[in-house]
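Below you'll find the structure, written out as structure tokens, and then a few comments.
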């Protein structure tokens, strides 16, 4: 019915939307993970470990709300 949307490259310099880094576009195009997927659980555990370092705590359940 409609062709593929393929706009020409533009440098957007207004207040928004703005240009997006190609790495971000690739990440947004990746397959989704569910919140209980073992891979996602691993990412969350890594993130909580980093937060423990940032906030200098040993609390096992450190996460931001």
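Values quoted throughout were computed directly from the atomic coordinates according to the rules given, and no laboratory measurement underlies them. On a predicted model such as this, the values are computed, not experimentally measured, just so you know. Glycine gets a Cβ as well: all are built from the backbone with ideal geometry, and neighbour counts include every protein chain shown.
Packing-based ranking of 46-59, 8-21 yields 46-59, 8-21, ordered from highest to lowest mean Cβ neighbour count within 10 Å.
If I compute P(r) over Cα pairs in 10 Å bins from 0, in percent from the structure I just sent, which labelled value in (i) 17, 17, 15, 14, 12, 9, 7, 5, 3, 1, 0; (ii) 16, 27, 26, 23, 8, 1; (iii) 20, 44, 24, 11, 1 lines up? For P(r) over Cα pairs in 10 Å bins from 0, in percent, the calculated option is (ii).
For the chain, find the longest principal axis of its Cα atoms and tell me its angle to the long axis of helix 38-54, 0 to 90°, nearest 10. Computed tilt is about 70 degrees. FRET efficiency for the pair residue 60 and residue 32, taken as 1/(1 + (r/R0)^6) with r the Cβ-Cβ distance and R0 = 35 Å, rounds to 0.80.
Segment residue 23..residue 51, full-extension length gain: 7.7 nm, with 0.36 nm per residue of separation and the alpha-carbon distance subtracted.
Counting helices only, and only those DSSP H runs with n ≥ 4, report the 222 nm mean residue ellipticity of the chain as the sum of -39,500 (n - 2.57) divided by its residues, in deg cm²/dmol to the nearest 500. Value at 222 nm, helices only, nearest 500: -12000 deg cm²/dmol.
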